[in-house]
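Asker: Take a look at the following structure, please.
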Amino acid sequence: MHIIVCMKQVPDPEGPREAFEINQTSGLVEPRGIPPVLSLFDENALEMALRIKDVHPAGAMISVLSMGKRISNAVMLKALAAGADEIVKVEDEALDAGRLDSFATAHLLAAAIRKTPFDLIITGRQAADFNDGQVGIGLAHILDLPVITVAHAVTVQGRELRAERVLAHGYEVMCTPMPAVIMASNEVGELRYPSMIQRREAKQKPVHTWRLADIGLVTPPARRLARRRLFAPELRERRCRIFSGSIPADAGRNLALQLKEDRVI
Amino acid sequence: MHTDKQVLVFIEMEADRIHPLAPESLEAGRQVAQGLHAELAAVIMGGAVSDAVRDVRHYGVERVYIVEHPLLETYHGEYFCQALSAACLTATPSVILMANTLTGLDLAPRLAWNLDAGLVTDCVAIEASDGEITFTKPIYSGNVMAVYAPVTMPMLITLRPRAFTPLSLSDAPQGEIVPVAVNLDQASVKTTVVERILEHGDGIRLETAERIVAGGRGIGKAEGFSLLKTMAETLGAAIGASRPPCDLGWVSAKAQVGQTGEIVAPGLYIAVGISGSTQHLAGMAGSKTIVAINKDPQANIFKVADYGVVGNYEDVIPVFTETLVEILT
Ligand SMILES: Cc1cc2nc3c(=O)[nH]c(=O)nc-3n(C[C@H](O)[C@H](O)[C@H](O)COP(=O)(O)OP(=O)(O)OC[C@H]3O[C@@H](n4cnc5c(N)ncnc54)[C@H](O)[C@@H]3O)c2cc1C
Ligand SMILES: Nc1ncnc2c1ncn2[C@@H]1O[C@H](COP(=O)(O)O)[C@@H](O)[C@H]1O
């Protein structure tokens, strides 16, 4: 079974506010002083793939597909150490994430995916930079495959896939034949932690680099949206009234009394 | 047939009525319609939609498209996409809007790809000037806002919960009802639902709670949440959490508040052992009154809070709850 996990490299989304500097001339965000990381939800996607491989180790192969202008091998090493078998980078100057929308991204990834036979594609619920949440369904549309979104668990039986899809008040079990696309939800849980040995072995695993021409495209496909501008949001700070007391318990009591007096409760 | 431009709001149903977020979607739709000098229309799809139609006709819509079919009884992405595509064919809307719920995040991209339309997800603001309409969404964890304009029509928008003031009810119902026929059959879909497992949560529902008590990583252990539960019961509040307690299994994943969890705006939000990351603030900054209990006086949460206690929650909360019992009974 060949599983392709789509993983995007993004500037650390938990970086401080000042780290996301807006360049008004280029219309791009230039991260300052924060490292690139694997997009958080794509780690959930990889974890889901690894769990399938845990159950079906024989013949299972997990490829990580990542597209971007420059993709760091150090960042991708984390995926290999966790258990991915190979990395396929689609790397090209023309592929700046800030200039591609989901429409273009899905077409580019689909072009890369078409180059190899596969059984399952797993994506994250949304990329942690632009948070679009469109590429997974886009891949299914372009490749004419079934898609199950916000799945927190999957099992494979023969050629059939069963996925648990998150609902507002529970979940539903969905069935589909493979090949298929699964969009993993954050409820999958965190990516496993690699051992020292796995980390060492990861360095020996293959990393392939493809250019745009290698996936049969010259320029990225057209956009469906025009980005007019970027701006930093206002921080709406409030004046906080701090309660204290000689012992913490007093503070708790004073807080409750004040909330009552102010008719908050 | 109508000749004017239309803006179409997809109305999600919940137990045969309109979803609690529908009035917000309708307000966003109203803003777009005004900007484009277009008419506001709604579309409702389901097994039986008459109650929901009655609800929505109180929101000043010109038209309500309805798609009724037994296969639309519960949400299924493929059937709903086919049905909504059919409604769009009839309504030929310039812009289609829906709430960014679990349904919206499945349906909107399906429809966008099907109609070959641009989609802005998680929109928080709409502006119209010089005949151009723009849609703003937070990117990079909410540290930057991006403003998008359509390149092609129709264009799709999903709306962040709590970003738009709910449209108020009008007295007289209005809006022509336009049924749309669809042919749905089981052979046309690639995925099937085998079963649905619904949890009947034991407490108050987070999304609609008037008071929320939320715990973060600072709670330190699953048992720590029992202190919060007692406090929540005293206040009649729902339990919420930041991401770490959900990931660590201290509370249900459904308790998560924030960018990837529930977006709430209760009258009272009490954040305990939560530092106040941008991702968490995205889910609760709109609360009327915010109380923070945190042992670090520098914690970011105090910047958005109205009341705060600096201290170890295990020392503060028992007395806080005791006092609540005293004054509330
Ligand atoms: C793409 C993405 C999406 C995300 N989505 C969400 C989301 O939807 N919701 C969300 O919440 N997070 C989300 N996060 C995670 C977010 O970035 C933060 O990591 C998270 O919110 C931190 O949670 P916290 O405040 O509980 O933990 P921490 O930041 O670790 O803060 C713990 C706080 O507890 C205090 N504390 C410790 N002990 C005590 C004590 N005994 N008494 C009182 N106070 C104490 C500490 O002073 C500290 O301020 C997301 C992250 C990413 C990258
Ligand atoms: N540049 C990329 N490289 C690899 N995977 C991507 C890329 N962009 C998006 N994806 C995948 O598509 C998912 C949804 O992305 P998006 O629709 O952009 O929010 C992500 O979680 C990834 O799994």
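The values are calculated or read from the model by the stated rules, or taken from the named source; none is laboratory data. Not measured: the values here are computed from a predicted model. Cβ atoms come from the backbone with ideal geometry, glycine included; neighbour counts cover every protein chain shown. Surface areas here come from the heavy atoms of the whole protein model, side chains and all, with no ligands, DNA or RNA. Shrake-Rupley method; radii C 1.70, N 1.55, O 1.52, S 1.80 Å.
Asker: Considering all projection directions equally, how large on average is the shadow of the alpha-carbon convex hull of chain B, in square nanometres?
Answerer: With every direction weighted equally, the projected area is 18.9 nm².
Asker: In µm²/s, what is D for region B:286-329 at 4 °C and 1.567 mPa s, where D = kT/(6 pi eta Rh) by Stokes-Einstein and Rh is the Kirkwood radius from Cα pairs?
Answerer: Stokes-Einstein gives a translational diffusion coefficient of 114 µm²/s.
Asker: Sticking with this one: Along the charge dipole of the protein assembly as shown, pointing to its positive end and built from +1/-1 on Cβ of Lys, Arg, Asp and Glu, which listed residue (A:113, A:257, A:175) has its Cα farthest out?
Answerer: Working it through, the farthest residue towards the positive pole turns out to be A:113.
Asker: Please compute the modelled spin-label separation between residue A:169 and residue B:185, points set 7 Å along Cα→Cβ, answer in nm with one decimal.
Answerer: Result for the modelled spin labels: 3.5 nm.
Asker: Something else now. Counting only pairs 8 or more places apart or on different chains, how many lysine pairs in chain A have C-alpha atoms closer than 25 Å?
Answerer: So the count of such lysine pairs works out to 26.
Asker: Going 7 Å from the Cα of residue A:236 in the Cα-to-Cβ direction, what parts of region A:8-22 have a backbone nitrogen less than 20 Å from that spot?
Answerer: A:17
Asker: Identify, among B:7, B:104, B:46, the residue whose Cα sits farthest towards the positive end of the charge dipole of region B:1-106, taking +1 on the Cβ of Lys and Arg and -1 on the Cβ of Asp and Glu, with the dipole about the Cα centre.
Answerer: B:7
Asker: Mean projection of the alpha-carbon convex hull of region B:1-133 over all orientations, in nm²?
Answerer: Value for region B:1-133: 7.5 nm².
Asker: Give me the three principal axis extents of region A:78-167 from the C-alpha atoms, as integers in angstrom, largest value leading.
Answerer: Principal extents (Cα only, largest first): 41, 30, 27 Å.
Asker: With charges only on Cβ, +1 for K and R and -1 for D and E, what is the dipole size of region B:260-329 about its Cα centre, in debye, rounded to 20?
Answerer: Dipole magnitude for region B:260-329 comes out near 280 debye.
Asker: Separate question: Show me you know the interface measure: the accessible area buried between B and A, both chains summed, probe 1.4 Å, in Å² to the nearest 100.
Answerer: That pair hides around 7400 Å² of surface in total.
Asker: With N set to the number of residues, divide the alpha-carbon radius of gyration of the protein assembly as shown by 2.2 N^0.38 Å and report two decimals.
Answerer: 0.98
Asker: Summarise the long-distance tail of P(r) for region B:1-67 by giving the % of C-alpha pairs beyond 14 Å.
Answerer: When all Cα pairs of region B:1-67 are counted, 52 percent exceed 14 Å.
Asker: Accessible area of chain B with a 1.4 Å probe: how many percent of it is carbon plus sulfur?
Answerer: Solvent-exposed carbon and sulfur of chain B make up 50 percent of the total.
Asker: How shielded is B:144-156 by partner chains, expressed as the average number of their Cβ atoms within 10 Å of its Cβ atoms?
Answerer: Whole-number average of other-chain Cβ neighbours for B:144-156 is 5.
Asker: Evaluate the relative contact order of chain A (contact order divided by residue number), counting alpha-carbon pairs under 8 angstrom at least 6 apart; express in whole percent.
Answerer: Normalised by residue count, the contact order of chain A is 23 percent.
Asker: Mind telling me which of A:123, A:149, A:209 comes out most flexible in a GNM of chain A, alpha-carbon contacts under 10 Å?
Answerer: A:209
Asker: Students often check this: by mean Cβ neighbours within 10 Å, which of A:91-102, B:95-106, B:184-195 ranks highest, and how do the rest follow?
Answerer: B:95-106, A:91-102, B:184-195
Asker: Looking at the P(r) of region A:199-265, how many percent of alpha-carbon pairs lie beyond 13 Å?
Answerer: Summing the P(r) tail past 13 Å for region A:199-265 gives 82 percent.
Asker: Using a 10 Å cut-off around each Cβ of peptide A:139-145, what is the average number of partner chain Cβ atoms that fall inside?
Answerer: 2
Asker: What is the average number of partner chain Cβ atoms found within 10 Å of a Cβ in A:173-186?
Answerer: Taking the mean over all residues of the peptide, I get 3.
Asker: If the only charges are +1 at each Lys and Arg Cβ and -1 at each Asp and Glu Cβ, what is the size of the charge dipole of chain A around the Cα centre, to the nearest 20 debye?
Answerer: 320
Asker: Taking 2.2 N^0.38 Å as the expected size of a compact globular protein, what ratio does the Cα radius of gyration of region A:1-124 give against it, to two decimals?
Answerer: Relative to the rule-of-thumb radius for its length, region A:1-124 sits at 1.12.
Asker: Please identify every one of the trypsin sites (Lys or Arg not before Pro) in region A:163-265 that sits in a loop by DSSP and has no more than 10 other beta carbons within 10 Å of its own beta carbon.
Answerer: A:236, A:239, A:263
Asker: Related question: What does the convex hull of the Cα atoms of region B:85-203 come to per residue, in Å³, rounded to a whole number?
Answerer: Hull volume normalised by residue count: 218 Å³.
Asker: For chain B, with a Gaussian network of springs between Cα atoms less than 10 Å apart, report the residue from B:131, B:142, B:218 with the top mean-square fluctuation.
Answerer: In the Gaussian network model the winner is B:131.
Asker: Here's something else I'd like to know. With a/c under 1.5 counting as rounded, go ahead and sort chain A into rounded, prolate or oblate using the C-alpha gyration tensor (a ≥ b ≥ c being the square roots of the eigenvalues; past the cut-off, prolate if a/b is larger than b/c, else oblate).
Answerer: Prolate, since a/c reaches 1.5 and a/b exceeds b/c.
Asker: Where the only charges are on Cβ atoms (+1 Lys, Arg; -1 Asp, Glu), what is the dipole of the protein assembly as shown about its Cα centre, to the nearest 20 debye?
Answerer: For the protein assembly as shown, the charge dipole is close to 1260 debye.
Asker: When the helix-only estimate is applied to chain B (DSSP H runs of n ≥ 4, each -39,500 (n - 2.57), divided by the residue count), what is the mean residue ellipticity at 222 nm, nearest 500 deg cm²/dmol?
Answerer: Value at 222 nm, helices only, nearest 500: -8500 deg cm²/dmol.
Asker: Ignoring any ligand, DNA or RNA, what whole percent of the accessible area of chain A comes from carbon and sulfur when the probe is 1.4 angstrom?
Answerer: Carbon plus sulfur share of accessible area: 52 percent.
Asker: I'd like to check one number: the per residue accessible area of the protein assembly as shown, probe 1.4 Å, reported in Å² as a whole number.
Answerer: Spelled out: the 1.4 Å probe surface of the protein assembly as shown, per residue, equals 42 Å².
Asker: Lys/Arg Cβ at +1, Asp/Glu Cβ at -1, dipole of the protein assembly as shown taken about the Cα centre: which of B:301, B:121, B:158 is farthest positive-ward?
Answerer: Of the listed residues, the answer is B:301.
Asker: Select from B:200, B:37, B:19 the residue whose mean-square fluctuation is largest in a Gaussian network model of chain B (Cα-Cα springs shorter than 10 Å).
Answerer: Of B:200, B:37, B:19, the Gaussian network model singles out B:200 as fluctuating most.
Asker: Moving to a separate point now. Report, ordered by chain and residue number, the aspartates and glutamates lying within cross-link reach of residue B:288, taken as a straight Cα distance under 19 Å and ignoring same-chain residues fewer than 8 apart.
Answerer: Filter leaves A:234, A:237, A:261, A:262, B:24, B:207, B:210, B:262, B:306.
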